[in-house]
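Encoded as structure tokens, the structure appears first; notes follow it.
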Amino acid sequence: MIKRNSSNAVRTTFEWVGTIAVSLLIAMVIRVFLFSPYDVEGASMRPTLEDNEKIIVNKWSYRIHEPSHGDIVVFHAEAGRDFIKRVIGLPGDRIEIKEGKVFRNGTVLNEPYIQGITYPRGDRRTIVVPEGMLYVLGDNRENSKDSRDLGTIPLSKVVGRADIIVLPLKQIKLLTVEAITSSR
């Protein structure tokens, strides 16, 4: 026979409440400062990302180092809206778009992730990315509001780097340039 002691029940209740409170605090810290889920809305990053996919954004990465060419980043674009695009130009890079191709510092980019998508906006543009800014483009160049429309993006507006697709389950994969180019 087990004899129930009311002080044991109270202690157990406090232990559970404390454990749950600490767990919630840890989860909140992780979500606010380290990783956060985002929903992909729209077709601007096709074929890399599809509408309604859920991704995990690494918020910590850019506290350690600067973004790199090819990173897929989430940034604050308009009031209450975040956009997701690919980093094409870093500070000091000379970006030129001509004849449907993107040139960085005079070299045409190899962009296997756009898979034959052409630019309807074939006009010639050249920009040198200012300090503290990024030049970003959507992978679906025919349907993307990006630096061609928005201009360069302040580094201070970058939320983080998209690292993994988590939903739908059949689409789970890492979002590195190497993983994208080797899986397509």
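Read the figures in this text as sums done on the coordinates, not as results from a lab. The structure presented is a predicted model; accordingly, all values stated were derived computationally and were not measured. In this analysis, Cβ positions are derived from the backbone assuming ideal geometry, glycine residues included, and neighbour counts consider all displayed protein chains.
Taking a sphere under 11 Å around the Cβ of Ile153 and counting the other residues whose Cβ falls inside, with K and R at +1 and D and E at -1, yields a net charge of +1. Here the range 10-113 is assigned +1 on the Cβ of each Lys and Arg and -1 on the Cβ of each Asp and Glu. Its dipole about the Cα centre then comes out at about 260 debye.
With +1 on each Lys and Arg Cβ and -1 on each Asp and Glu Cβ, how big is the dipole of the range 62-163 about its Cα centre, in debye rounded to the nearest 20? It would help to have the intermediate numbers written out before the result.
Values: 16 positive and 15 negative charges, 31 e Å.
The dipole magnitude comes to about 140 debye.
Note on Asn143 and Val17: the model spin-label points, each 7 Å out from Cα along the C-beta direction, lie 5.2 nm apart. Packing here is the average count of other Cβ atoms within 10 Å per residue, and on that basis the peptides 75-84, 129-138, 101-110, highest first, run 129-138, 75-84, 101-110.
In this simple spin-label model, placing a label point 7 Å from the Cα along the Cα-to-Cβ direction at both Val108 and Trp60 gives a separation of 4.1 nm. Between Leu167 and Asn8, full extension at 0.36 nm per residue minus the direct alpha carbon distance yields a gain of 52.9 nm.
Using C-alpha pairs below 8 Å separated by at least 6 residues, the relative contact order for the range 36-183 is 29 percent.
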